[in-house]
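Report on one structure; see the data block that follows.
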Amino acid sequence: MDYDAEIKRLEDELLKTQYNKATEHHFGIVRARIAQLRDKKEKRQSVGKSTAGWSVRKSGDATVVLLGFPSVGKSTLLNSLTGAKSRTAAYAFTTLTAVPGVMFYNNAKIQIVDVPGIVAGAAAGKGRGKEVLGMVRSSDLILILIDSEHPEHYDAVLKEAYDSGIRLNKKMPVVKIAKREKGGLDIQTTVKLTHVSIDTIRAICREYKINSAGIVIRSDITIDDFIDVIEGSRRYIPALTIGVKSDLLSAEERKKFIKLIKPDLMVSAQTNENIPELKDKIFEKLEFIRIYLKEVNKKADMEIPLILRRGATILDVCKHIHRDLAKKFKFARIWGKSAKFPGQHIQKPDKLLADGDVVEIHSR
């Protein structure tokens, strides 16, 4: 089967159809078929292929990947943020492999990775796009770099990311599907569904040959959200959209670009415009929290915090200190926002922590 031709035929069919309540059911079935075709194509293309040399060992407190078209200025921005010596030149495809650097900021060690530029069709394998997007999928944050003189690249980059299974700035849908041998489909919802009907969900299940299952939906999902849950291979990654080479634009051109793209920030690595502000945004988007450690009967070390991510618990602190400490955990004392009172005694290691907390671990 010519997967590309069939996918295009189905996508064109959807473009010609106005989405409304009457066509929702059809949209659901066609979107499910497109997703399945892409999955089959991906599996066929991946057989016997190697991506050796296209991985970077993750290090530090988080990994940020620079994503954009060739010659967008990724290498120059990497050098500005980290001091890395990524080769730069004023022509496309300068970077032929991944180049990592480290940005030290607010006591955090953040790995920034410059990867080769992608082109239209990257998700389908054009220009070694699969290898590049495969690396992007493993990141903690994506910086989408858009050349200020080429705003048309924005939608193209978003499409390649989406087609490769990356969901930008989205939370994973809260949906549980428990398949079973018989009993049919039992679909329960705890929220009002405003984007998709239960009948459409049933139709999508039939396309995937899910005939008996208990399904619980706890978030207001769309057709694509439900398909993503079934596929189960999606990556939900935060992203920042950055307009680069801003120094090349006139004041009027800058206004037009900002209105069209709505970037999180405009920067110029050449003039250092907004580079400090970009570091701030990276730190904030990664949702870091700083935890200060305290030894028993000693003052807390308020100089060098432990850097964790929002949602971290006492157990995460234990694991960062030593892998065996989690097994020997007895209780902890906490000072800060997450404590009801200074020095609160906590016996449960799953206690959530807040930025600025002081933690004292007691072990057996």
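Computed quantities for the displayed model
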| quantity | calculated |
| --- | --- |
| Whole-Hz couplings from phi, Karplus 6.51/-1.76/1.60, listed for the stretch 172-186; x for Gly and Pro | 4, x, 8, 9, 10, 10, 10, 6, 9, 6, 8, x, x, 9, 10 |
| Helical mean residue ellipticity (222 nm; -39500 (n - 2.57) per DSSP H run of 4+; nearest 500) of the chain | -9500 deg cm²/dmol |
| For the stretch 323-335, 3J(HN,Hα) per residue [Karplus equation, 6.51 cos²θ - 1.76 cosθ + 1.60, θ = phi - 60°, Hz, x = Gly/Pro] | 4, 7, 5, 4, 6, 9, 4, 10, 6, 9, 10, 10, 10 |
| Calculated from backbone phi, Karplus (6.51, -1.76, 1.60) coupling profile of the stretch 73-80 in Hz, x at Gly/Pro | x, 4, 5, 5, 5, 4, 4, 5 |
| Under 15 Å from the Cα of Lys126 - aspartates and glutamates, other chains or at least 8 residues apart | Asp4, Glu42, Glu160, Asp163 |
| Taking Arg309, Arg44, Arg333 and counting other C-beta atoms within 10 Å, the order from fewest to most | Arg44, Arg309, Arg333 |
| Cα convex hull volume per residue for the stretch 232-271 (Å³) | 86 Å³ |
| Stokes-Einstein D (µm²/s) once Rh is taken as the Kirkwood radius of the stretch 288-363 over alpha-carbon pairs, at 4 °C in 1.567 mPa s | 108 µm²/s |
| Dipole moment magnitude, nearest 20 debye, the stretch 192-299 about Cα centre, only Lys, Arg, Asp, Glu C-beta charged | 360 debye |
| Relative contact order (percent, whole number), the chain, Cα cutoff 8 Å, 6+ residue spacing | 13 percent |
| Surface/4 estimate of mean projected area, convex hull on alpha-carbon atoms of the stretch 153-269, nm² | 9.2 nm² |
| Cα principal axis extents for the stretch 95-172, largest first, Å | 38, 32, 27 |
| Unsatisfied cross-links (Cα-Cα over 32 Å) in the set Lys43/Lys179; Lys298/Lys348; Lys176/Lys319; Lys40/Lys256; Lys179/Lys319 | Lys40/Lys256; Lys179/Lys319 |
| Projected-area average for the stretch 207-336 over all orientations - Cα convex hull basis, square nanometres | 15.3 nm² |
| Proximal aspartates and glutamates relative to Lys281, as straight alpha-carbon distance under 16 Å, when same-chain residues fewer than 8 apart are discounted | Asp61, Asp140, Asp264, Glu273 |
| Fewest-first sequence of Lys340, Lys348 by Cβ atoms within 10 Å of each Cβ | Lys340, Lys348 |
| Rule-of-thumb Rg ratio for the stretch 214-256 [Cα; 2.2 N^0.38 Å; N residues] | 2.10 |
| Ranked list, fewest to most other Cβ atoms within 10 Å of each Cβ, for Ser268, Ser59 | Ser59, Ser268 |
| Residue with peak Gaussian network fluctuation, the chain [Cα springs, cutoff 10 Å], from Gly214, Gly73, Gly165 | Gly214 |
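Any read-out appearing in this document is the output of simple, stated calculations on the displayed coordinates, not a laboratory observation. Just so it is clear, the model here is predicted, and its values are computed rather than measured. Reconstructed Cβ throughout: ideal geometry from the backbone, glycine too, with neighbour counts over all protein chains shown.
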